[in-house]
1. Answer yes or no as to whether P103 is open to solvent by 60 Å² or more (accessible area, probe 1.4 Å) and modelled with pLDDT under 90.
2. Could you tell me how many of the residues in the range 143-169 are surrounded by 13 or more Cβ atoms within 10 Å (Cβ to Cβ) and either over 22 Å from T22 (Cβ atoms) or of a type in the set (F, W, Y) (or both)?
3. Regarding the range 93-107, can at least one residue be identified that is touching a residue at least 24 places away in the same chain (Cβ under 8 Å) and touching a Ser or Thr at 6+ places or on another chain (Cβ under 6 Å)?
4. Give the range 109-134 a look and list any residue that's of a type in the set (G, A, S) and either in a strand (DSSP E or B) or closer than 18 Å to T22 by Cα (or both), or say none.
5. Those residues that are closer than 26 Å to V430 by Cα and loosely packed, with under 14 Cβ neighbours inside 10 Å, I need them from the range 374-389; list them, please.
6. Could you tell me which of the residues V350, V330, V297 is in contact with a Gly (Cβ under 7 Å, 6 or more places away or on another chain) and without any contact (Cβ under 8 Å) to a residue 40 or more places away in the chain?
7. Where the second residue is surrounded by fewer than 13 Cβ atoms within 10 Å (Cβ to Cβ) and at pLDDT below 90 and the first is under 28 Å from C262 (Cα atoms) and lies in the range 389-416, which pairs have Cβ atoms under 8 Å and are six or more apart or on separate chains?
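The values are calculated or read from the model by the stated rules, or taken from the named source; none is laboratory data. Since the structure is predicted, the reported quantities are computational estimates derived from the model, not experimental observations. Here the Cβ is made from the backbone with ideal geometry for all residues, glycine too, and neighbour counts use every protein chain on show. Side chains are part of the model used for accessible areas, which takes the heavy atoms of the whole protein and leaves out ligands, DNA and RNA. Shrake-Rupley method; radii C 1.70, N 1.55, O 1.52, S 1.80 Å.
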Amino acid sequence: MLTDPRIPIVAIVGRPNVGKSTLFNRLVGERDAIVFDTPGVTRDRKYGTVEWAGRTFTVIDTGGYVPRSDDVFEEAIREQAHLAIEEADAVVFVVDAITGLTPLDKELSDILRTSEKPIHLAVNKVDSEYRQQGQPEFYRLGLGEPHSIAALGGRAIGDFLDVITDGFAKKARIPRDKRLKLAVVGKPNVGKSSLVNALLGKRRQVVTDVPGTTRDPIDAILNFQGEEVVLVDTAGLRKRSKIEESIEFYSALRTLKALDRCDVAIIILDGSQGVDKQDVHIVDEVVERHRSAVIAVNKWDLVEKETNTALQYERAIRSRLGLHEHFPMVFVSALTRQRVTNVIEQARIVDAEQRRKITTSKLNKLLMADIEATPPSAKGPKEIRIKYITQVKTAPPLFAFFCNEPKLVPENYRRFLENRLRHHFGFAGVPIGLTFRPK
């Protein structure tokens, strides 16, 4: 059994207009979710990363939860909240101190208790001692102690974060499973399970043409050239959902969990359809979670071929991916098993790349020449001088640049340095981290 170092997931749920998105924004430290004073604004679930007192967790913002509504919009919100609760390790149930306890709050509390997940009751909009007087009535929900907060102004948020993270482990050094772990990710119906089956040589997963057939990520062990490789297949719902966006986000949550555990992500694209916004979003998730990756363009057997078709397709994909164009690309057909083993071979190369350690002498010899030829320019009178470079981490690699004005190094120059690192040392498919420190 694999050690599971994934980041805990906390879902924020509650009836409409109690301040869930405001709390989400407060926790992640940015105005990421749309906030209006109108019930039902948050339709799709949003998620972000929260760090508190050495602990990290993913927080999910759901739409307002309205049970037993026939309205299709409210049905979507209800379904998404159910999925969030199912996926979460803990739930924050938000109620409104101004409107007080409502029958809907009571109904939701009954639903939450059936989840058998830790439930943290947040009484929001308590921005004064006066409003705190109404807190005791929420004990009637039977969810334990109500925690008074004011998400908009930040009142008591720190204390509440202490409560949420109390059971979460601090980041610890986990013994590395030396087997290569690959997360097979992509939007619904691109052929993730089909690719896993083709690699295993047997029908391990149920495969249909209904998007989101797989419900749970399943670890499969592949013996490849005498070595064990762990495949994690991720997808959406077991049965077709009435609400399309629920399928998409459920799949996205599975992707987050798989990415936390993998060494290399295998991003599956549908060669018969091209790249769309959801594909780009998944690539962005891989990059934001600092995971190395290989792009596998599946269903290549369905594409009409001409001279240089693959090359033209690759150029089109890389143009769409923009700054993430460094991922290697393999064209495969899970149906005919054409070139499917190339995915594993390329993933092994990428994994070896991310574990490389570049000597300090070689770094400074090559990079300092580039820096001298193209020095950084800062806005203002101060001159930026980079004096020394060293690699401080692998898997993925992190390079420290020591300079006199770390905070003044512009973003375009950071990209220049990353490009020069790739030019000299490769790192295809690997995210490169740069940090600037005082000399």
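1. Yes; evaluated as a whole, the condition is true for this residue.
2. Number of matching residues: 2.
3. no
4. Within the range 109-134, A122, S128 qualify.
5. Selection gives T374, P375, K387.
6. It is V297.
7. That search, which allows pairs on different chains as well, returns R415/L323.
Residues checked against (1) within 26 Å of A395 (Cβ to Cβ); (2) part of a helix (DSSP H, G or I):
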| site | (1), (2) |
| --- | --- |
| V287 | yes, yes |
| A296 | yes, no |
| E304 | no, no |
| L311 | no, yes |
| I317 | yes, yes |
| G322 | yes, yes |
| H326 | yes, no |
| V330 | yes, no |
